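Structure first, commentary second.
The values are calculated or read from the model by the stated rules, or taken from the named source; none is laboratory data. No experiment lies behind these values; they were computed from the predicted model shown. So basically every Cβ, Gly included, is an ideal-geometry build from the backbone, and we count neighbours across all protein chains shown. All accessible areas refer to the heavy atoms of the entire protein, side chains included, with ligands and DNA or RNA removed. Shrake-Rupley method; radii C 1.70, N 1.55, O 1.52, S 1.80 Å.
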Amino acid sequence: MGSIKSSLSLKQQDKDRSSGLESDEEYRDRWITIRVVYFSGFLMFLSFGVVATGLWPYLENMDPTARKTFLSALFAAPPAGQLLFSPLIGWCSTRLSSIRIPFVLLTVLFILANGLYSVIELFPVPYRKFVMLFSRFMFGIATSINTLSRAYLSTATKMCERTQAISMSSFAQTLGLAVGPIIPASVSAVGEVGFTICGVRFNMYTLGGWICAAVGAVYIIFLNPSYFKHCNIAAKEALRKCGGTVEKDTRQPLNFFSIWMIMLSYGVLMFFYVLFQAVISPISLDQFAWSHEQSLFYLGILLPSGTACSCVVFLLLPQLCQRFSEHNVFVYFAMLPLFLSQIVMIPIGSNKIQIAVPQNGSDTGPTNGCSISQEWCNSVPSINHYQLVVSYALLCISFSVGIAISQTILSKHLGTRPQGNWMALYTSIGGIMRIIGPGGVMIYVSLGTYWLFGLGSAVSGLVLMWVWMCKGHLRYSKKSIVAAEVQLMLIQPKQ
């Protein structure tokens, strides 16, 4: 708790002041900027949470002819925009002295994307779904700001601060994802008709977009130079420790095996998390014979509970990393729970899955249970509620620890060199997994739970073994750290 309080304080501690790296004013300015960067993650995930809950009914309301297949394109548009533009954003960030201008431009794009999403009704009906698709693609480009955030936090924090800073950044993103769905629920009383101002309709679907755009406009105020001051304390710290005079003197050769291992492990974590989010609704309907109302109710409890669990993990992660080394935390608190989350979901017992009874000779009626078109339902035992809850809890712990620690380890391996390109690649891998992850639903529909979670157990188990056997490569060079600390003590003036 003490470290959390100290992370919220803008007062420089005596141990930091004694290093002589920065004055009290510079320390305060640096941490104000870091907090502004935190809020960018909250803002992006807030908008995602706002839109995701009402995307399908809003699409139906705007274009009754739209099919659910188009909904897949709407969900794929943001990661596609992020995937295509993150490398460009990262490349630009390495060539700019400050990331403030890219932050402003991407925030403006965020505002425009949410504004366009909220005025779709002004367009002719045949074009509305394509306007919605374009607005989601614009939003995806705006989320490339996460690449800048990751790169900046790696350079604006000292080595001892980085895990805490990245954990708080992840906490801000998760908090935005948790708060997002609350906004549509709070404005649902406005209804679909809503009210009109200057020919623009404000209703239960568009008010969320307008609120996000308004928050983005307020956020731009905090991107002015008096609040946002670019700082590269990591280079100063490295120069002080090694006694160099030029930043390039502090750069060590890259360990590409370690870098790619952490990136691929992060990709595996993202893939399974996105897959579970996509398949959890069909599983609840098939395995538990829930109605759509029951599914919405119970998953509406489970998913926010998982988000709350993630928030707690992010807050406790710095303390965990003080007790255990970061590479061990990654292996035993990220990759191992991922493997267990897949093992737990393998069906056991003898309880049969309830088969939906077709109505009027068809299999399209509103019946509960597994569809008769899924032949595997006749021979595979059902999953029970406890398996789902335990698996999701393990997955939330795995994902929360994994995304924070993988970024921390990556940034430390990259050192003081500009990290925009590498963080863009890191973000792009996440975007790819968000696109292909939901495709795993086809394995569930066609082959069933044994195949889905059996393959999941095999893949996550192999990755766990690989990371465990090679975890020494994830360790940041302790020899260089010890030598640097000794040199730092030698060059510090005696009190």
Check: In the stretch 248-273, which residues are modelled with pLDDT under 65 and open to solvent by 60 Å² or more (accessible area, probe 1.4 Å)?
Finding: Lys248, Asp249, Arg251
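Is it true that some residue in the stretch 233-244 is at pLDDT below 75, not aliphatic (A, V, I, L, M) and not in a helix (DSSP H, G or I)? Let's see the steps before the verdict.
If we filter the stretch 233-244 for residues that are at pLDDT below 75, which is where we start, we get 234-244.
Of the ones still in play, those that are also not aliphatic (A, V, I, L, M) are 236-237, 240-244.
This time we only want the ones that are not in a helix (DSSP H, G or I), so: 243-244.
Yes, the stretch 233-244 has at least one match.
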Check: Under the condition of being open to solvent by 40 Å² or more (accessible area, probe 1.4 Å) and among the hydrophobic types (A, V, I, L, M, F, W, C), which residue from the stretch 112-140 is nearest to Glu60 (Cα to Cα)?
Finding: Val125
Next item on the list: Given the conditions (1) at pLDDT 80 or above; (2) over 20 Å from Cys231 (Cα atoms); (3) open to solvent by 50 Å² or more (accessible area, probe 1.4 Å), report the number of the one that Asp14 does not fulfil.
Entry: (1)
Next item on the list: Considering each residue of the stretch 85-105, count those that are open to solvent by 40 Å² or more (accessible area, probe 1.4 Å) and within 20 Å of Phe45 (Cβ to Cβ), and give that number.
Entry: 2
Note to self: As an exercise: evaluate Pro57 against (1) modelled with pLDDT of 85 or more; (2) surrounded by fewer than 19 Cβ atoms within 10 Å (Cβ to Cβ); (3) not small (Gly, Ala, Ser) and give the number of the one condition it does not meet.
What the structure shows: (1)
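Can you find even one residue in the stretch 330-352 that is over 23 Å from the mean Cα position of the chain (by Cα), modelled with pLDDT under 80 and either in a helix (DSSP H, G or I) or exposed (fewer than 15 other Cβ atoms within 10 Å of the Cβ) (or both)?
Scanning the stretch 330-352, I find at least one residue that is over 23 Å from the mean Cα position of the chain (by Cα), modelled with pLDDT under 80 and either in a helix (DSSP H, G or I) or exposed (fewer than 15 other Cβ atoms within 10 Å of the Cβ) (or both), so the answer is yes.
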Notebook entry, point to check: Got a sec? Which of Val187, Val218 is of a type in the set (A, V, I, L, M) and exposed (fewer than 14 other Cβ atoms within 10 Å of the Cβ)?
Noted result: Val218
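Yes or no, residue by residue, for (1) farther than 20 Å from Val274 by Cα; (2) of a type in the set (A, V, I, L, M, F, W, C); (3) open to solvent by 30 Å² or more (accessible area, probe 1.4 Å); (4) within 20 Å of the chain's Cα centre (by Cα):
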{"position": "Ser379", "(1), (2), (3), (4)": "yes, no, yes, no"}
{"position": "Ile409", "(1), (2), (3), (4)": "yes, yes, no, yes"}
{"position": "His413", "(1), (2), (3), (4)": "yes, no, yes, no"}
{"position": "Pro438", "(1), (2), (3), (4)": "no, no, yes, yes"}
{"position": "Ser446", "(1), (2), (3), (4)": "no, no, yes, no"}
{"position": "Phe453", "(1), (2), (3), (4)": "no, yes, no, no"}
{"position": "Val459", "(1), (2), (3), (4)": "no, yes, yes, no"}
{"position": "Leu464", "(1), (2), (3), (4)": "no, yes, no, no"}
Check: What about Leu223, is it in a helix (DSSP H, G or I) and either within 26 Å of Ser310 (Cα to Cα) or within 26 Å of the chain's Cα centre (by Cα) (or both)?
Finding: no
